[in-house]
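Any read-out appearing in this document is the output of simple, stated calculations on the displayed coordinates, not a laboratory observation. Predicted model, so just to flag it, every value in this text is computed and none were measured. Here Cβ is always computed from backbone atoms with ideal geometry, including for glycine, and neighbour counts include all displayed protein chains.
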Number of protein chains: 4
Amino acid sequence: MIAVLKHGTTPEQTDHLIAWLKRMNLDVHISHGAEVTILGLIGDTSRVDMELLGSLEIVEAVKRVSEPFKQANRKFHPDDTVIEVGDVKIGGGNFVMMAGPCSVESEEQIIEIAKAVKASGANILRGGAFKPRTSPYAFQGMQGKGIELLLKAKAETGLPIVTEIMNISTLDLFADIDIIQVGARNMQNFDLLKELGKINKPILLKRGLANTLQELLMSAEYIMSEGNENVILCERGIRTFETATRNTLDLSAVSVLHDLSHLPVIVDPSHATGKAKLVPPMAAAATAAGADGLIIEVHNNPACALCDGAQSLTPAQFDELSKRVAKVREAIV
Amino acid sequence: MIAVLKHGTTPEQTDHLIAWLKRMNLDVHISHGAEVTILGLIGDTSRVDMELLGSLEIVEAVKRVSEPFKQANRKFHPDDTVIEVGDVKIGGGNFVMMAGPCSVESEEQIIEIAKAVKASGANILRGGAFKPRTSPYAFQGMQGKGIELLLKAKAETGLPIVTEIMNISTLDLFADIDIIQVGARNMQNFDLLKELGKINKPILLKRGLANTLQELLMSAEYIMSEGNENVILCERGIRTFETATRNTLDLSAVSVLHDLSHLPVIVDPSHATGKAKLVPPMAAAATAAGADGLIIEVHNNPACALCDGAQSLTPAQFDELSKRVAKVREAIV
Amino acid sequence: MIAVLKHGTTPEQTDHLIAWLKRMNLDVHISHGAEVTILGLIGDTSRVDMELLGSLEIVEAVKRVSEPFKQANRKFHPDDTVIEVGDVKIGGGNFVMMAGPCSVESEEQIIEIAKAVKASGANILRGGAFKPRTSPYAFQGMQGKGIELLLKAKAETGLPIVTEIMNISTLDLFADIDIIQVGARNMQNFDLLKELGKINKPILLKRGLANTLQELLMSAEYIMSEGNENVILCERGIRTFETATRNTLDLSAVSVLHDLSHLPVIVDPSHATGKAKLVPPMAAAATAAGADGLIIEVHNNPACALCDGAQSLTPAQFDELSKRVAKVREAIV
Amino acid sequence: MIAVLKHGTTPEQTDHLIAWLKRMNLDVHISHGAEVTILGLIGDTSRVDMELLGSLEIVEAVKRVSEPFKQANRKFHPDDTVIEVGDVKIGGGNFVMMAGPCSVESEEQIIEIAKAVKASGANILRGGAFKPRTSPYAFQGMQGKGIELLLKAKAETGLPIVTEIMNISTLDLFADIDIIQVGARNMQNFDLLKELGKINKPILLKRGLANTLQELLMSAEYIMSEGNENVILCERGIRTFETATRNTLDLSAVSVLHDLSHLPVIVDPSHATGKAKLVPPMAAAATAAGADGLIIEVHNNPACALCDGAQSLTPAQFDELSKRVAKVREAIV
């Protein structure tokens, strides 16, 4: 970390600052220039409060030279992390396809969809049991019952399950779940992240609506710093001024994250766009951008053809998407 | 709620949709126009999934005519809510000044600051015991011990206390706290909101970094729908492209929220700007905009003059701010 | 267009509004519901000021049912527009590759790069002569001399030229240029757009940093409404809170624009990301998303190897990108 | 300017970079640290392309120590600029009130409003003759005729005039106009800025919808670098994700700009909020934040009571706003 001192800083002020930094167990390397003085801080700067330092009267600017995350950092872990879930490998050149309904609605529904997406090449089943909803009056998911039905679908099809946790008090219910998802709204629920760091199950960590990629990696670091290194990062769109799509899918995130970290990166085009019509092209684009996998909403409700227009694809549309994605995948590797 | 059907929708499709809507206990009022057909949905539309409806193939657009929040809605509760905390009244033309350090650091520190801010006119003491930090390696607050010290400061000065909760499992520690704060990152931690709706203590609900004002009111609704009507809304800056300030303080939020809701609205210029120098003008501006109060960071650490530059004001700076705010308050009422 | 009147609007107020709307040559279709009254406005609503209408005391909401753009609208022009530039076709299933340096620097430079990109499959040469720069002290381009050098490169290689105009007073210099580019900062320079609508040359219109897709189409409409229908739309990243990339490339724009309009849509991953390393994956992603072409910065300066790291690719990197893009293109068509 | 080189940079690479920097007439001060090497660049760094430098393979980070703007910079011009327009002083502790209609519509309208706002304390008359409109089909202003009518209103009331220019080719029409406005969409129309730098008339420069404060100052620098030092900055809201207001008024901009620059800063709450109801509280807030003045839309059309609801205030509402603003102004000085 580098701190640039303002022109006119007195030697006393500089000494005062250096003494303070040394009390944080940092070595300080001083460089006096014509216009400014630069302090190079050597040591474990991950504990330094950059904002505080930057806001001091005598400090012109503070700049991190090294990233504040360690365990998620590719510099200290050059090889791709490969996470194994049953026979499925995630990361390190493998491509994973997670698919399923937004919410589990019934045993029949989830099993039927599970069979359909498996037939089209999905290797993980997704489905929501606990649903974070903006309105307290909206359907909050089948909760514990939903988890049970997901496990029945797993028994029936052999597909591993990914589903979202909202509250650490429900963790026991996730004992047989294969991958626990942390939703975008909980990306900085630090207490939840810490608890999930204490178990030994893969965590699918979604980027928050307004969170930078560095913040996403810091949240991965919260999980990893407690011992759980099985973190899958997920780009799912950020909030911008554009209203033509629900969120703006930031596909450059895939390369940026791969560059900074060894963790696998998957993409969720369903939530990002909010429109079924946009899911197939964005799935192809995410694949071409180098994503390690996709998570896609698929729904099949013959009794209610009305749902076809939502952000969920029909099994037939998913089948087509899956074929196109496979071809794009071949084109880039 | 109004749904506009696309040109070319068949009578069968329209009937199918109407049947589906009626199964949700809604009355449907149909209006056939030259170019479009409009459905007016009458009844409890708060359970209707607008995005789903809007994404149907035959639906051109969906528009809410009434807001999806009820208990927080001024339409159904025209008078300002006034929340009483000891002798302090919040809302309804009263002005509250909350002040104190970002984190509780020691008994000496918190009591000294409490006395200072009280002398300058603060009527609530703020101080963080549990601290949400982006990095797992940063100071996480004194936690339970911090709560104890806040209560000592309360005993010493008589000032009621506001402090942040991050996890419902720590709720017991807040038994003697006067106002529980939900931080920006937890604004959509719906399970936490629901639990706080079951107690009878004022909740200070901060707007999330990337949340709309309607989402803020929906989160207030989560608390209120469980029975706790004592919610104080807090604008604390939103995330934008501008980097000159930490966040962009959205002062028009004060009037918009007052218009939509009967709940009190306070402003936090310290976190919004991230710079001590900007706190006094933004405090004056928030007051002129009609805020029901302010929450200001004040720190006093004679042993470490270095901290003066941060977003915290010194007690002397706070005293000046407090006087200026009082004058602006007089000018507008 | 639909206007929803507030509950409690008097018949006099309604009549007053209807009379006003009729003076704008609109037919008004009234529908009285239980809670609200809805006015359907029939006729040429493109001249109606939606914001003014929506801000009236008695109006709850206004909603366009039809888009405010006409000539750019796919509804009235279902077939893809195909723009021909020499032998090169843009749009309608054809794929165009524009490449070249950010700025023209010398005859040698531009001709060498032109030959290199042509050999790698580019079919249009790009190069800046007039450069919009944030700072008045930065290099503003070679201007008229730059145009001359581009035309020499065209003579040498046969590649058509695309280059940016900043000021209508320089239009004469563009007489032999094949495609005139309007940069992101000028997307709403309406006077410039109108003038470019009066000539008969293809216009490459870049999306502004903070402009919605609808605004982009309205700017295309400015050009088209004056008679020039040869508009190529270009997504080049929008400004968001994320700082890991210069801008956030919004690839869902490709599908959204194709859906709304018949105009060709190309993507500029170089300016969007600002980093050479991110250009190849984003070029592949844009292709997979269905873009009609790419515009890529390529630079070759053997005397200054330092430039390699910028957002420009070397000719060798471009050659590799070009091959990968061709493979992705095959995978999706 | 400081450039931090990556760990592992070879001496040859470092020498190569230094040679390149020296060719730009910069002195380079080298500081070798344990982890990084830091180059301090001394001299006129305003011509250095920071993005290019930062994107080089061997460069970890680049940081400006001094701002890239000079003539607008308070460091080199500590005293507030005071701009005189007739008897009206703008900046340096003076407070200016500009008011008038969005568009000039008729002689009667503009003169009536001019008289009304003058009576309520306005000292500059605003009114649009050339109107930038998103749609080519919307009213584009009365243009030259509008300028004439503004000058009639000036003759009648003595109020100086501010009105917007969109195109340098119309400059002759502005000969008797007192202040020329550059609208938000033209903030980076650099050719227009340069031409306005060559005349000797005050320029009201509005911040672009998605422009940082530094970019605003760079645009002021474009004008000033050509010789015209009479620039008035104007905050008018930025584009964010929030849709409750048309834009988000960034009032902290007032203090930030005052800190960085000696130029006067005024605020436009009418365009920022887009709603008449929000204009008075935001006008009071802007005043409390330390703005040097306001620009407010006022409209008076007794024949069309429908317009009352728009972002324009009635003369009576403006009169009330003006009184409140005067009281707030007294409270803070």
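Of note:
- Shape box of chain B [Cα atoms, principal axes, largest first, Å]: 78, 42, 40
- Length-normalised contact order for chain C - Cα pairs under 8 Å, 6+ apart - percent: 15
- Based on alpha-carbon atoms, the Kirkwood radius and the radius of gyration of the protein assembly as shown give Rg/Rh equal to 0.94.
- Inter-centroid distance (Cα atoms) of the stretch A:1-50 relative to the stretch A:118-146, Å: 51
- Copies compared at D:Gly227 - label distances in nm, ascending, label defined 7 Å from Cα in the Cβ direction: 3.8, 7.5, 7.8
- Residue of D:Ser46, D:Ser252, D:Ser31 that the Gaussian network model of chain D assigns the largest fluctuation, springs spanning Cα pairs under 10 Å: D:Ser31
- Structure remark: mean-square fluctuation, Gaussian network model of chain C, C-alpha springs under 10 Å; the largest value among C:Lys194, C:Lys63, C:Lys275 belongs to C:Lys63.
- One residue of chain C places its C-beta nearer than any other to the axis carrying C onto B; that residue and its whole-Å distance are C:Ser31, 2.
- In the stretch C:83-152, Cα pairs under 8 Å separated by at least six residues give a relative contact order of 31 percent.
- Most mobile of B:Glu60, B:Glu195, B:Glu229 in a GNM of chain B (Cα contacts under 10 Å): B:Glu60
- Over the stretch C:2-63, Cα pairs under 8 Å with separation of 6+ residues give a relative contact order of 46 percent.
- Note on D:Gln143 and D:Ile30: the model spin-label points, each 7 Å out from Cα along the C-beta direction, lie 6.3 nm apart.
- The protein assembly as shown, helix-only ellipticity at 222 nm - DSSP H runs n ≥ 4, -39,500 (n - 2.57), divided by all residues, nearest 500: -9500 deg cm²/dmol
- Globularity index of the stretch A:196-284 is 1.13 (Cα radius of gyration / 2.2 N^0.38 Å, N = number of residues).
- 7 Å along Cα→Cβ, label-point gaps from B:Pro11 to other copies, nm, shortest first: 3.3, 9.1, 9.7
- For C:Gly158, the label point sits 7 Å beyond Cα toward Cβ; its separations from the matching points on the remaining copies run 5.7, 7.5, 9.3 nm, from shortest to longest.
- Classified by the C-alpha gyration tensor, the stretch A:1-90 has a prolate form. Its axis ratio a/c, with a ≥ b ≥ c, is 1.5 or above, and a/b is larger than b/c.
- For residues of D:216-226, the mean tally of beta carbons on other chains within 10 Å: 2
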